[in-house]
Amino acid sequence: SFRELLHLHDFTGLCLIFCGNEEVLRRVNTDRSAFAQISRRVPLRTELNNIQDDDTDRLALAFGAEGIDVFKLLRPLGRAYHTDGVVSVLEIARRFAGERAIKTEHIRRACETLPHYRSALK
């Protein structure tokens, strides 16, 4: 499959984007096999260590959160714990809110079950 990616890049100019955690990125940066050839063709490398506030807001909206206070509460969580942290909290908050909109009390209650996220809440 890596050879196919290399072929697509070389013959079509298709842009390749590699995303992943440190384990995945270690494989991309290897000096062996087709991954090494692909890695040498990557002209731009960017490490994203958090998500933008707008992205956190979009996630909150997708889960049915309401109110600027909810967005303000979640934004530091996105900066500190990325998408997976925001989604983890919103999934639990959704259960607490039931059919209603997610409010700050649901976010705070969700973080009580995930104490490592509490420090990011303001």
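The values are calculated or read from the model by the stated rules, or taken from the named source; none is laboratory data. Only a predicted model underlies this, so the values are computations on that prediction, with no experimental measurement involved. Ideal geometry is used to build each Cβ from the backbone, glycine not excepted, and the neighbour counts take in all protein chains shown. The area values use the complete protein model at the heavy-atom level, side chains included, leaving out ligands, DNA and RNA. Shrake-Rupley method; radii C 1.70, N 1.55, O 1.52, S 1.80 Å.
Structure summary
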read-out	value
Residue match in region 19-39 (condition: in a loop (DSSP other than H, G, I, E, B), within 30 Å of residue 7 (Cα to Cα) and at pLDDT 65 or above)	yes
Filter result for the condition that a residue is open to solvent by less than 60 Å² (accessible area, probe 1.4 Å), touching a His at 6+ places or on another chain (Cβ under 6 Å), modelled with pLDDT of 90 or more and closer than 19 Å to residue 51 by Cβ, over 93, 110, 97	93
Failed condition for residue 10, given (1) over 27 Å from residue 107 (Cα atoms); (2) of a type outside the set (A, V, I, L, M, F, W, C); (3) modelled with pLDDT under 75	(3)
